[in-house]
1. Want the number for LEU13 to PHE26: 0.36 nm per residue separation, take away the alpha-carbon distance, what's left?
2. State in Å² the accessible area per residue of region 1-59; use a 1.4 Å probe, count heavy atoms of protein chains only, and round to the nearest integer.
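The values are calculated or read from the model by the stated rules, or taken from the named source; none is laboratory data. Keep in mind the model is a prediction, meaning the values are calculated, not measured. All accessible areas refer to the heavy atoms of the entire protein, side chains included, with ligands and DNA or RNA removed. Shrake-Rupley method; radii C 1.70, N 1.55, O 1.52, S 1.80 Å.
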Amino acid sequence: MFHKLVLAARAWLAERCLGHAAGIAFYTVLSLSPFLVLALASASFLVDRGVAIAQVRMLLAGLVGAQGAELVGNMIESANATHQSGVAAAIAI
């Protein structure tokens, strides 16, 4: 049984799975920003934009940690800083 476990670990390392997992995580974080711009543009019709951004940051902090939530929150705020959130939402689609 131990031999099979060692073989599986060697095969896993030979395929460079750690690098692939890191790449998937990186692209997941990058793909969140356009989706969140679109979601916040839609949510701004119902609630204040600042409240929506604060809620998204709180939820993201539970998922990706405080630093990841801060990174995505800064991306969202910089997209909203142009005061053309409709254009940003259209591009995000």
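1. Details: separation 13, 0.36 × 13 = 4.68 nm, distance 1.97 nm.
Here the segment from LEU13 to PHE26 would lengthen by 2.7 nm.
2. Working: 4630 Å² over 59 residues.
That works out to 78 Å² for each residue.
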